[in-house]
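Engineer: Dropping a structure here in structure tokens format, bear with me for questions.
The values are calculated or read from the model by the stated rules, or taken from the named source; none is laboratory data. Remember, predicted model here, so these are calculated numbers, not experimental data. We place every Cβ from the backbone using ideal geometry, glycine too, and count neighbours over all the protein chains shown.
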Amino acid sequence: MEHTTDFFVTRHSIVRTIWGNADAVLFIFAGASAEFALNKAVDWLYFTGRLPADPLGRLFSTVNYAGMIVFSETAQANAAIDKITSIHSVVEQQRDSKIPDWAYRDVLYMLIFYSIASFELLQRKMTTAEKNEVYDVFYRVGIRMGLKALPKDYATWVADRELHLFNDLVKSSHTTDLYRQYKKHLGSIRFFLLLESQKMVLPPTAKDLLGLKKNQWLKPIVPVYRLIKYLHGDRLVKAILLPKKYRQQVNALDRDH
């Protein structure tokens, strides 16, 4: 009898297509880096000192965990989710306080939103069925983490996402400090590219809070980059644009799904 491997995300899922594309994951990273900085619960990430010390590494860690879940068998994916929950439990014990449930949902909502936004920026508009597929994957992650009050489907989530953006984002001293750290770790040119990337995927609420101007200098370049990628020149571009420390990690994000 042929053995059928049980994956957390089916082999031909649109979610694997998104998370198996390094360019899409980089835009997910760009959007999440902005929302992390604006989130009212960002002080939790400051508590351990890891985020201000290595903001890019901390965000890559979040992205890598998500990628691990998307491409793993169900048992391994569940183990990764349980590890995330366990790590946060330790931090809660150290601080003698509970991370609010809405803060967990915010991170989950970021992954859903930027998965869709990145794919649509780089490829095409997604169908309703595909958006539901993206939502279902991260909904199951949230359920495994024991999160409460998660919307049951994508359509309901859209409205809840807007409420979260309105209630949970604020420009604070942490926001200013994190952006200072981003610039320090990236350098001026790469920091400019990060801001331009954020303009293309961030929702209006976040862009307004960050004071990002409407001019999008990179958007006309996206079709050109697609051609460069088709001609297999994208690794050279990434080698020029990305900090050396993260090039190998980023190239590894391109997966055969």
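Engineer: Select, from T85, T62, the only residue that is polar (S, T, N, Q) and touching a helix residue (DSSP H, G or I) at 6+ places or on another chain (Cβ under 6 Å).
Structural biologist: Numbers: T62 fails: touching a helix residue (DSSP H, G or I) at 6+ places or on another chain (Cβ under 6 Å).
When all the criteria are applied, what remains is T85.
Engineer: Any residue in the stretch 125-146 that's in contact (Cβ under 8 Å) with a residue 40 or more places away in the chain: show its pairings with residues that are aromatic (F, W, Y) and assigned to a helix (DSSP H, G or I) at Cβ separation under 8 Å, as long as the two are six or more apart or on different chains.
Structural biologist: M126/F119; V134/Y154; M145/Y104
Engineer: Give A149, A155, A159 a once-over and let me know the one that is of a type in the set (G, A, S), touching a helix residue (DSSP H, G or I) at 6+ places or on another chain (Cβ under 9 Å) and in a helix (DSSP H, G or I).
Structural biologist: From the options A149, A155, A159, the qualifying one is A155.
Engineer: Which of the following residues is touching a Phe, Trp or Tyr at 6+ places or on another chain (Cβ under 8 Å) and closer than 27 Å to K98 by Cβ: L178, L209, L163?
Structural biologist: On inspection, the qualifying residue turns out to be L178.
Engineer: Here's a follow-up. When the residues of the stretch 74-101 are narrowed to those that are of a type in the set (D, E) and within 21 Å of the chain's Cα centre (by Cα), which ends up surrounded by the most Cβ atoms within 10 Å (Cβ to Cβ)?
Structural biologist: Per the stated criteria, the residue is D101.
Engineer: Right, here's the next one. Counting only residues that are surrounded by fewer than 15 Cβ atoms within 10 Å (Cβ to Cβ) and of a type in the set (K, R), which one in the stretch 193-225 is modelled with the highest pLDDT?
Structural biologist: K213
Engineer: From the residues in the stretch 148-176 that are within 18 Å of L212 (Cβ to Cβ) and touching a residue at least 60 places away in the same chain (Cβ under 8 Å), which one is surrounded by the fewest Cβ atoms within 10 Å (Cβ to Cβ)?
Structural biologist: V170
Engineer: Can you spot a residue in the stretch 33-44 that is more than 26 Å from F166 (Cα to Cα), outside any helix (DSSP H, G or I) and at pLDDT below 90?
Structural biologist: Looking for residues that are more than 26 Å from F166 (Cα to Cα), outside any helix (DSSP H, G or I) and at pLDDT below 90, one finds none in the stretch 33-44, hence no.
Engineer: Name the residue that is surrounded by the fewest Cβ atoms within 10 Å (Cβ to Cβ), counting only residues in the stretch 181-192 that are assigned to a helix (DSSP H, G or I) and more than 20 Å from the chain's Cα centre (by Cα).
Structural biologist: Here the answer is S188.
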